[in-house]
Amino acid sequence: FNKDITSERQFSEAKKSGALKSFSIKQSNGRSKLKYYLTEDRSFIIDSYYQLGNLYFSSKKVDEAVRMMTNLLTIEPTNIDGLIKRAEIYSAAGHHAGAVADLDKAVSQTDPLYLELLFRRGLAKRSQGDLLGALADLTLSLEKPAGSDHSRAVAVHHLGNVQADLGRNLAALASFRRAIELGTSLSHVYNDIASVHMERGEWRDALHFLNLTHQSQVQQGRLEPLVLARRGLLLQNLGRHAEAIVDLKGCLQLSGQRDTQCLLLLAVCHFSSGEFSRSEEVFKRLLALDPTHYGWPRREVMLFNAQRAHAPLFSFNPDQLIPAAVRAASSKFDPADPTTSKTVYSTAGSEFTPSERFNASVKALLRETLSYSGWIQLNTTGFLPNQRSHASFGLAVLAMAQRLQDHVRAVRSGKKGLLVPDSLSSHPHYQGVQREDGTDKHYFGWRDYFDGYVRWRQLSEPMDSVWWADRFPLSSRGQSIFTLLVGNGHVQPVRYYSYFKPALQLVKELVLTRGFVGSSQPTATRYLPSSQVSAVRAAQTSQQLQAAVGESFKVVVPLLSTYQPATNISGGTLMVDGGGLNGPDLKIHFDVYGDATLRNQLELAATFERLVAALVAVPPTGPVQDEQVRDVLSRALELFYYWVNLTPLTRGSSACGYGAIYAAVLSTGHVIHSRVPRNKQLDFEAFFSLSPTQFSSRISSWLSDIRPASESLRAWTTHGESSENTVEVSVDATGAVTNTASEVLRVDEVLDSVAKMLFVLSHLNDYSPSPFFDV
């Protein structure tokens, strides 16, 4: 063995002990090294292997450290200290299964058990992915003697982390509070409490505990960039980008300007605020550190918008003009490859300075749309309220309603509809489109309707890469978007676990009635023998269902077609597979651009025409009957049903669908006053319904409170024909906006450029003193 001699005393003791049969000292780089040979003394050999293993491990020579401990355990397989130390080395090296195996042996030979040993095994099992095993060990460890109160506090803290991993957030919060009572490190526990509240969408609590974490670290004189990064992320998710920028800059100062995630968030926050030049500068710093970072495609998107900051917003469409490879890379469907684009865009002259008339018009728009802008906010655990998203929803819905009414008026007058320049559409030759012969125009259809919301979503939150999936390159086809309903057999995703039981029940019904595709024969639909039916019906977990079927499998949800009555089209695919040591996942996934997409688009085209017909039947003047509004809502829900089951966007399909429902009702001069109930989501109700009729019957009562809109909103939607004249809106001496019903404001005329849209979204508190919707 070669062993560093760090003192004369160590050398003398080794020599006096008789452990050295022969030795030689060599000078190398000013350090003395001793080559020696161990005696046959068994206890001395075991101790020497242990000490050498420790030395190698502290020197980060993991392989040599493992070899020393393995030599020790070869001599004495039941050596507890050797098993624990090798487990520690294995864990550090990422060999968690080996660590758990060694700790299993140590536990089996220890009586009575003590907290620290079970604690170590619990941590190793957590790292291995055995969350249930970790939960059991950490829970049991708290019943055993502890070396100190601090040890017990640390164990309780880690128990909370495991409970959070499993999605048992309320139990986790209780454990964290207990850890604080026992005296563990406050800053670490506060940070974990904040993480759980963020996961639950409880932003006030999350912000409070992040502030406490920061204050604790200031008092201790050791600031960590992670806390500022997390608080910056929270503020960014709330749409409070100016505050997020301050924290993200602080994170970068503490991290030596090298934290790539903070750089990305900072660049996006500047972009979202319309500060294109600052965004470009931060992106340059990011890509200088990592040229292939996935922030590269977001930089391309920013530069694209900066180049067109003042161009008429509805004169171009990013899904047509931004290279497909850039869009796919921003969604992480294809790897980021900067060589695919040679951007020469400039951010010069992209800033915007508002006029008094502009400010007055924006205040009027926000005043009217604020009443329903929060309808997009789900009253569901896990969803943070984002004021930019709320404002975008309100304005986008009004713009969609105005464009829809333009189309309805054209149809009502005997025309085919509103003519749309091809340059405005995400895809001018989409399925179901009607074209104007000999021109570069087409008639307003289902895709143009949804395009109106997509454009707002793309700008309101650039971190969400919202693109039409069928505009991606062929290399991205076959990718899928999935949502986890339960993970690893027992992990409860906070946003979607409430739909686990309905999903499990539907999977069982489909397996028994329509068959399944199993992992052993991935191209064949099979049916279970009668001997397995009872086990399937009795299954209550994804693990039990997988065991009942006998393998991992998937089923496709059939959707009843209205385009071709009495036939079915394909909806989402429910899968029971993957997972980990504690069981399989149950998830629903949708192909980015599967074989059924074209047929589903024809379904959408037919459904949209029925919506238009219902709107044409609504009288343009005079009273509107409740039955007419209900018919429009029914058609809008039918459109939503097929839309979300098609999932045509990389992100935001559900939000876009909510916008389509509300805009359709608003175009009748009405607003939906009732809200979707607590922990309910319209898209998941649609996923697990086999027909639009079944879907409507499930959720129609949730949207029963429909009332006439304000006088201004009714005028702006039902009579708001596009005009080239600038609308005059005045501001009185108190700063209040004054306008009459006859003065029609159109969103696409007031906010007619990227620069104007981003300016408004980044100055919402200046325009609207009223708070946006919160839960």
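The values are calculated or read from the model by the stated rules, or taken from the named source; none is laboratory data. The shown structure was predicted, so the numbers you read here are calculated from the model rather than taken from an experiment. Using ideal geometry, Cβ is built from the backbone for each residue, glycine included, and neighbour counts are taken over all protein chains shown. For accessibility, only protein heavy atoms count, side chains too; no ligands or nucleic acids. Shrake-Rupley method; radii C 1.70, N 1.55, O 1.52, S 1.80 Å.
Okay, here's what the table says:
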| item | result |
| --- | --- |
| Pair list, Cβ under 6 Å, 6 or more apart: the stretch 219-244 residue more than 16 Å from Asn386 (Cα to Cα), other residue of a type in the set (Gly, Ala, Ser) and surrounded by fewer than 21 Cβ atoms within 10 Å (Cβ to Cβ) | Pro225/Ser255; Leu228/Gly250 |
| Counted residues, the stretch 683-722 - those being among the aliphatic types (A, V, I, L, M) and open to solvent by 50 Å² or more (accessible area, probe 1.4 Å) | 1 |
| Odd one out for Ala65 among (1) of a type in the set (Gly, Ala, Ser); (2) at pLDDT below 90; (3) touching a Gly at 6+ places or on another chain (Cβ under 7 Å) | (2) |
| Extreme residue, modelled with the highest pLDDT, among residues of the stretch 90-118 that are within 24 Å of Ser148 (Cβ to Cβ) and β-branched (Val, Ile, Thr) | Val107 |
| Any hit, the stretch 103-118, residues being basic (Lys, Arg), open to solvent by 20 Å² or more (accessible area, probe 1.4 Å) and not in a helix (DSSP H, G or I) | no |
| Test set (1) modelled with pLDDT of 95 or more; (2) under 28 Å from the mean Cα position of the chain (by Cα); (3) not aromatic (Phe, Trp, Tyr) - Ala410 fails condition number | (2) |
| Test: residue in the stretch 526-536 that is basic (Lys, Arg) and either part of a loop (DSSP other than H, G, I, E, B) or farther than 27 Å from Gly129 by Cα (or both) | yes |
| Test: residue in the stretch 437-454 that is within 20 Å of the chain's Cα centre (by Cα) and not basic (Lys, Arg) | yes |
| Hits in the stretch 472-488 (condition: open to solvent by 10 Å² or more (accessible area, probe 1.4 Å) and at pLDDT 85 or above) | Phe482, Thr483, Leu484, Asn488 |
| Enumeration of residues in the stretch 367-425 that are among the aliphatic types (A, V, I, L, M) and either within 20 Å of His241 (Cβ to Cβ) or not in a helix (DSSP H, G or I) (or both) | Leu370, Ile376, Leu378, Leu384, Ala391, Leu395, Ala396, Leu418, Leu419, Val420 |
| Test for Gly669: is it open to solvent by 10 Å² or more (accessible area, probe 1.4 Å) and on the phi > 0 side of the Ramachandran plot | no |
| Leu263 closer than 30 Å to Pro462 by Cβ, at pLDDT 95 or above and aliphatic (A, V, I, L, M) | yes |
| Selection from the stretch 557-568 of residues that are open to solvent by 10 Å² or more (accessible area, probe 1.4 Å) and either touching a residue at least 24 places away in the same chain (Cβ under 8 Å) or polar (S, T, N, Q) (or both) | Pro558, Leu560, Thr562, Tyr563, Gln564, Thr567, Asn568 |
| Condition check for Lys756: of a type in the set (Lys, Arg), at pLDDT 60 or above, within 25 Å of Leu559 (Cα to Cα) and open to solvent by 10 Å² or more (accessible area, probe 1.4 Å) | no |
| Out of Leu510, Leu506, Leu545, sole residue that is under 20 Å from Leu132 (Cα atoms), of a type outside the set (Phe, Trp, Tyr), in a helix (DSSP H, G or I) and open to solvent by less than 50 Å² (accessible area, probe 1.4 Å) | Leu545 |
| Residues within the stretch 316-344 that are open to solvent by less than 70 Å² (accessible area, probe 1.4 Å), modelled with pLDDT under 80 and outside any helix (DSSP H, G or I), tallied | 6 |
| Residues within the stretch 235-264 that are among the charged types (D, E, K, R) and open to solvent by 70 Å² or more (accessible area, probe 1.4 Å), tallied | 3 |
